[in-house]
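> What follows is a structure written as structure tokens; I'll ask about it next.
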């Protein structure tokens, strides 16, 4: 706690000074290495390959084709410019009705028609980032807490806590049962929190899971929903990866479970976005879908702080209402993700590297425990530095996802082309075989001259300049139009 | 709908259940009248004319012409679609460099190139709405206060105070000196705050002023700078109407003042900007925070994740604003058309015996109807307002909704309609004044008229609670593509 004198004379707010933005997490560190030396197939074939960014780049050709065939979807084409004025002045926080309708329909399609969504419950926000924060502002006061299974998406620490003052209480899932979330774990975490006199307002589930790449089963969701109903807790489900499911088991949304289980709809809320399912993170399409009328009302007023650009609403309303296109897109997108996933899993397996058996997401949860010097977070960090520096792959260490078991890494695979995948696998192959040749694998890492230091102090220094630092969302400080993408 | 959980703790946050959204202000009430009965030249010629929305609709022809001639500015045209992917993926919170460069250049142009802006200080936000909230989160802790001269934009109560829990303290300005912001008034307001043990973090100026439509003169700006430097508090200058200055005297930005004296502490100065008013693009949600304080730029940029500008829109705007020739023509033409519209109205009102504050900027007039008030009270102003909406069928905004200390002033928006509608509005005013001008007991007659629309605040509360309520930003719950605009 700062002394009153410091607070009084400080030019900036406590929020601005407290580091709650979370950028000191190693989740963001690796990008620096990438940014200094980014891979390019011809211009920089020895550069670092970016495997720390959960982007879906596999289906742009489909979208581009659709755009060419649908000029009225844009307010800038000769066919569409007649709508420019009406769209440019439209700032109603309800959103364009056709946008809300298209999103609601799309969400239903992704859930294979098992549920329908009410367009009047669709509330916009500044990406999933804005959606998460706004929802918490509606549900909780400073000091209140949400339970969250770990490992979890690192930026939740910022999105859910920074400006809201709300706490996150992680409860650990582990490899003994393939990181499944269990009711017993949640109950235990809840009981501990209550005992510590913490006001628990709800739980946050990410389904499909980031970083694990798996769905929650219907049974699990049902038991968790019942638990929250019993304890009168909010159930917040982040379903932004729902259309990235590429293999069975099929995705079960909380919306489906609600239909079959006793619950209080006023406690159930879904966070959605088009950043992962459609691969459009730049358009900042975040959605809050709440079954609580008051939350819809409040969140809608708050959405003024981060509405979706009407230009993008207009485009997406058109795209998502094209049922034929969407049907084809969802199917093809799934297929390509599945294929890419298989290739990478297979490639890793050949080198004796296992992954958690996943069926969704844009990443793998890779098990490198056998390569750790010892099962500690420090050993994991050391291995990670080696992977970045020697293998030249930017993957994300499990500790940055608050995984309590050292040795797991999230590896993104959908943000590159086939050639780059092969290069990455080749590098892993070489690395493993080098390791085997040297005999004592584990000692080997210690001897490496680690010129690239990742101490957090160094990171702070580099983070101070507004000019240099890259966004945690993208390692590219320059316009992508300047640099060719891999 | 249950607001309280079974264990008696509230289900939702305090922010979700307080009135911090500020929608109970009469600023928003009038839209309901418009929405029930909107004017249309042929379909509903006796409907309510919307004069409560500060939109700039006078130059869309120029923009549309430019769009058709510049297909590469869009990622959806044949010429631009090859950029679609890179742009759709771009979510870096630094923003597209081309966008930042273009906005910085545009801001300089608007200020007659008397100052230059550094693209690296350009931080995005969700419209000016998001910008105000964001800067407040960076500068103030809950309970801290900002001084703000009255009358001021009604949305500030929400933007600066709702989720941030900061406070606004009015600096009362009077018509006796044309609502000038005096050093004396600033000192008084500050002293009052100190006495009440309130921590003042800064001063918020809107220049050009909403709702006055005037600009701050050089002396006032210098006094403000001297004041904040002396007290070591921040100065936030909302300059979103900078390019709506249509007549002498020229606009003077705080960016100019800051260069006049090396002793000024630049770390205290921040500019809020947007393209919603100057370009007429409120739907695109282009908000900008420009700070001279590196730590604020740094922090603000991280916070901008909650409300980035859609990359699709960044790309379009980057292209448009870098077209020097087009921008030169646009700014000139825009000022000319605003001047003409302003004169049409002020002349027309003068003929009806109604005076306005002498303004040279903005998208509105500050109309003086003190002479029509029964007595100099807020109640009388509200009664007159109800008559204007109900009988004259014009939705104007009462001064009290801008926290004006003197009853009888109304803000009348003039740039959101075509010439035909302008004529109709003026005709209605003329008729109203004629009807009531020469009769004895003129004032009594007005107030005894049967008010079909009873706008009691309690009913407004009920109405506003429904999730169906229109946005305060736009009265149109339907898509503008469905309804023809006036």
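The values are calculated or read from the model by the stated rules, or taken from the named source; none is laboratory data. In this text the structure is predicted, and so the values were computed from the model without any measurement. Positions of Cβ are generated from backbone atoms using ideal geometry, with glycine treated the same way; all protein chains shown enter the neighbour counts.
> Against the condition within 14 Å of chain A (Cβ to nearest Cβ), outside any loop (DSSP other than H, G, I, E, B) and out of contact with any strand residue (DSSP E or B) (no Cβ under 9 Å at 6 or more places or on another chain), how does residue B:235 come out, does it pass? Explain how you work it out, then say what you get.
On the way: within 14 Å of chain A (Cβ to nearest Cβ): yes; outside any loop (DSSP other than H, G, I, E, B): yes; out of contact with any strand residue (DSSP E or B) (no Cβ under 9 Å at 6 or more places or on another chain): no.
No; evaluated as a whole, the condition is false for this residue.
> Next question. Which of the numbered conditions does residue B:90 fail, given that it passes all the others? Conditions: (1) surrounded by 24 or more Cβ atoms within 10 Å (Cβ to Cβ); (2) more than 10 Å from every other protein chain (Cβ to nearest Cβ); (3) out of contact with any strand residue (DSSP E or B) (no Cβ under 8 Å at 6 or more places or on another chain).
(2)
> Determine if region A:132-149 includes at least one residue that is over 26 Å from the mean Cα position of the chain (by Cα), under 19 Å from residue A:302 (Cβ atoms), in contact (Cβ under 8 Å) with a residue 60 or more places away in the chain and in the same structural domain as residue A:204 (by TED's automatic domain parsing).
no
> What is the number of the single condition among (1) within 14 Å of chain A (Cβ to nearest Cβ); (2) under 15 Å from residue B:403 (Cα atoms) that residue B:165 does not meet?
In the conditions (1) within 14 Å of chain A (Cβ to nearest Cβ); (2) under 15 Å from residue B:403 (Cα atoms), residue B:165 misses (2) alone.
> Sticking with this structure for a sec: Among the residues in region B:26-39, are any more than 20 Å from residue A:92 (Cβ to Cβ) and assigned by TED's automatic domain parsing to the domain that holds residue B:421?
Quick first cut of region B:26-39, residues more than 20 Å from residue A:92 (Cβ to Cβ) only: none.
No; the residues of region B:26-39 include none that is more than 20 Å from residue A:92 (Cβ to Cβ) and assigned by TED's automatic domain parsing to the domain that holds residue B:421.
> Inside region A:255-270, can you point out the residues that are more than 10 Å from chain B (Cβ to nearest Cβ) and buried (at least 24 other Cβ atoms within 10 Å of the Cβ)?
Once the filter is applied, which keeps residues that are more than 10 Å from chain B (Cβ to nearest Cβ) and buried (at least 24 other Cβ atoms within 10 Å of the Cβ), region A:255-270 yields A:257, A:268, A:269, A:270.
> Mind telling me which of the residues B:85, B:111 ends up being more than 10 Å from chain A (Cβ to nearest Cβ), buried (at least 18 other Cβ atoms within 10 Å of the Cβ) and either over 15 Å from residue B:254 (Cα atoms) or touching a helix residue (DSSP H, G or I) at 6+ places or on another chain (Cβ under 7 Å) (or both)?
Numbers: B:85 fails: more than 10 Å from chain A (Cβ to nearest Cβ).
Selected residue: B:111, the only one of B:85, B:111 that is more than 10 Å from chain A (Cβ to nearest Cβ), buried (at least 18 other Cβ atoms within 10 Å of the Cβ) and either over 15 Å from residue B:254 (Cα atoms) or touching a helix residue (DSSP H, G or I) at 6+ places or on another chain (Cβ under 7 Å) (or both).
> When the residues of region A:184-225 are filtered to those that are in a loop (DSSP other than H, G, I, E, B) and over 24 Å from the mean Cα position of the chain (by Cα), which remaining residue is surrounded by the fewest Cβ atoms within 10 Å (Cβ to Cβ)? Give the steps one after another, and end with the answer.
Residues of region A:184-225 in a loop (DSSP other than H, G, I, E, B): A:196-199, A:207-217.
Next cut, over 24 Å from the mean Cα position of the chain (by Cα) only: A:196-199.
On the way: A:196: 10, A:197: 6, A:198: 16, A:199: 14.
The selected residue is A:197.
> Quick test of your reading of the structure: residue B:4 fulfils all but one of (1) closer than 30 Å to residue B:423 by Cα; (2) touching a strand residue (DSSP E or B) at 6+ places or on another chain (Cβ under 8 Å); (3) at pLDDT below 80. Name the failing condition by number.
For residue B:4, the failing item is (1).
> Just to be sure, is residue B:297 part of a helix (DSSP H, G or I), in contact (Cβ under 8 Å) with a residue 60 or more places away in the chain, within 14 Å of chain A (Cβ to nearest Cβ) and closer than 21 Å to residue B:116 by Cβ?
On the way: part of a helix (DSSP H, G or I): yes; in contact (Cβ under 8 Å) with a residue 60 or more places away in the chain: yes; within 14 Å of chain A (Cβ to nearest Cβ): yes; closer than 21 Å to residue B:116 by Cβ: yes.
So residue B:297 fits the description; yes.
> In region B:93-108, what residues are surrounded by fewer than 20 Cβ atoms within 10 Å (Cβ to Cβ) and either at the interface with chain A (Cβ under 9 Å from one of its Cβ atoms) or within 19 Å of residue A:314 (Cβ to Cβ) (or both)?
Listed by number, the residues that qualify are B:97, B:98.
> Further question: Could you tell me whether any residue of region A:99-117 is closer than 30 Å to residue B:62 by Cα and either within 14 Å of chain B (Cβ to nearest Cβ) or modelled with pLDDT under 95 (or both)? Break it down stepwise before answering.
Quick first cut of region A:99-117, residues closer than 30 Å to residue B:62 by Cα only: A:99.
Filter again for either within 14 Å of chain B (Cβ to nearest Cβ) or modelled with pLDDT under 95 (or both), leaving A:99.
Yes; the residues of region A:99-117 include at least one that is closer than 30 Å to residue B:62 by Cα and either within 14 Å of chain B (Cβ to nearest Cβ) or modelled with pLDDT under 95 (or both).
> Could I ask something else about it? Hey, which of the helices (runs of 4 or more DSSP H) in region A:295-410, taking only ones fully inside, have at least 1 residues that are in contact (Cβ under 8 Å) with a residue 40 or more places away in the chain, under 24 Å from residue A:433 (Cα atoms) and touching a helix residue (DSSP H, G or I) at 6+ places or on another chain (Cβ under 9 Å)? Quick ask: steps written out before the conclusion?
Details: elements: A:310-321, A:323-350, A:377-386.
Once the helices (runs of 4 or more DSSP H) in region A:295-410 are filtered for at least 1 residues that are in contact (Cβ under 8 Å) with a residue 40 or more places away in the chain, under 24 Å from residue A:433 (Cα atoms) and touching a helix residue (DSSP H, G or I) at 6+ places or on another chain (Cβ under 9 Å), what remains is A:323-350, A:377-386.
> For region A:36-145, which fully contained helices (runs of 4 or more DSSP H) count at least 2 residues that are surrounded by fewer than 24 Cβ atoms within 10 Å (Cβ to Cβ) and touching a helix residue (DSSP H, G or I) at 6+ places or on another chain (Cβ under 6 Å)?
A:60-69, A:84-88, A:97-110
> Exactly one condition in (1) farther than 30 Å from residue B:289 by Cα; (2) surrounded by 12 or more Cβ atoms within 10 Å (Cβ to Cβ); (3) modelled with pLDDT under 50; (4) away from chain B (no Cβ under 14 Å) is not met by residue A:458; state its number.
Residue A:458 satisfies every listed condition except (1).
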